[in-house]
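Student: Take this structure, written in structure tokens, and hold onto it; I'll ask about it next.
The values are calculated or read from the model by the stated rules, or taken from the named source; none is laboratory data. On a predicted model such as this, the values are computed, not experimentally measured, just so you know. When we count neighbours, we look across all protein chains shown, and the Cβ atoms used for this are built from the backbone with ideal geometry, even at glycine.
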Amino acid sequence: MTAAKLIDIFLMPGEFFVGDAQYRVRTLLGSCVSITLWHPATRIGAMSHFLLPGHGRRKQDRPSDKPGMYGADAMRLMVEGMAQHGVPLAQCQGKIFGGGAMFPRSGKVRDIGAQNGDYARSMLQQHGVQVVSESLFGEGHRQLIFTIRSGEVLSRQVPPEPAWSSTGTGNQA
């Protein structure tokens, strides 16, 4: 007996997805954060890819092609999608990924990745979702693969490339 082929979905920044066991969801994160929600009994899952904490204040802040740009909006959309599948949110497992420091040496303002990660934690806590795993912060970006069938999320953190430097290979006097 062979396992059914999975349908791959790739999330761009500001997108979210809710689906069943036939899907595998992928994304790449820098300072952005992804939350995954998974219900073990129904094998229904959701994943977001949000760019900023909080919520959009004006319609022009949330272009229709990026409805989940803000963390609160992404969470609301995932909650609504899970409810459409009859999934009780309090029975879901939550996982949080991302929030990487993409420009770690800027130092003056609190890194947006840290703000995103902290916001994701607080949203899951407010919704009564148990966080069973997280991979947050650090430097560089992450590659994620969420297999809804199993609830497994593979995360690989890739360190930033070293800054280019002048080595004096040009003409010198």
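Student: Quick check on GLY56: is it in a loop (DSSP other than H, G, I, E, B), within 21 Å of PHE10 (Cα to Cα), of a type outside the set (A, V, I, L, M, F, W, C) and modelled with pLDDT under 95?
Tutor: no
Student: While we're on this one: Out of everything in region 91-134 that is more than 25 Å from ALA41 (Cβ to Cβ) and assigned to a strand (DSSP E or B), what residue ends up being modelled with the lowest pLDDT?
Tutor: ALA101
Student: May I pose another question? Conditions: (1) under 18 Å from ILE145 (Cβ atoms); (2) modelled with pLDDT under 95; (3) polar (S, T, N, Q). THR27 meets all but one. Number of the miss?
Tutor: (2)
Student: Ok, one more. Which of the residues belonging to region 146-165 are assigned to a strand (DSSP E or B) and loosely packed, with under 15 Cβ neighbours inside 10 Å?
Tutor: GLU152, LEU154, ARG156, VAL158
Student: Just checking, does region 72-82 include any residue being more than 13 Å from the chain's Cα centre (by Cα), loosely packed, with under 14 Cβ neighbours inside 10 Å and closer than 11 Å to LEU37 by Cα?
Tutor: Checked against the condition, which is being more than 13 Å from the chain's Cα centre (by Cα), loosely packed, with under 14 Cβ neighbours inside 10 Å and closer than 11 Å to LEU37 by Cα, region 72-82 yields no hits at all.
Student: When the residues of region 4-47 are filtered to those that are over 14 Å from the mean Cα position of the chain (by Cα), in contact (Cβ under 8 Å) with a residue 24 or more places away in the chain and not in a strand (DSSP E or B), which remaining residue is surrounded by the fewest Cβ atoms within 10 Å (Cβ to Cβ)?
Tutor: Looking at the filtered set, the residue picked out is ALA41.
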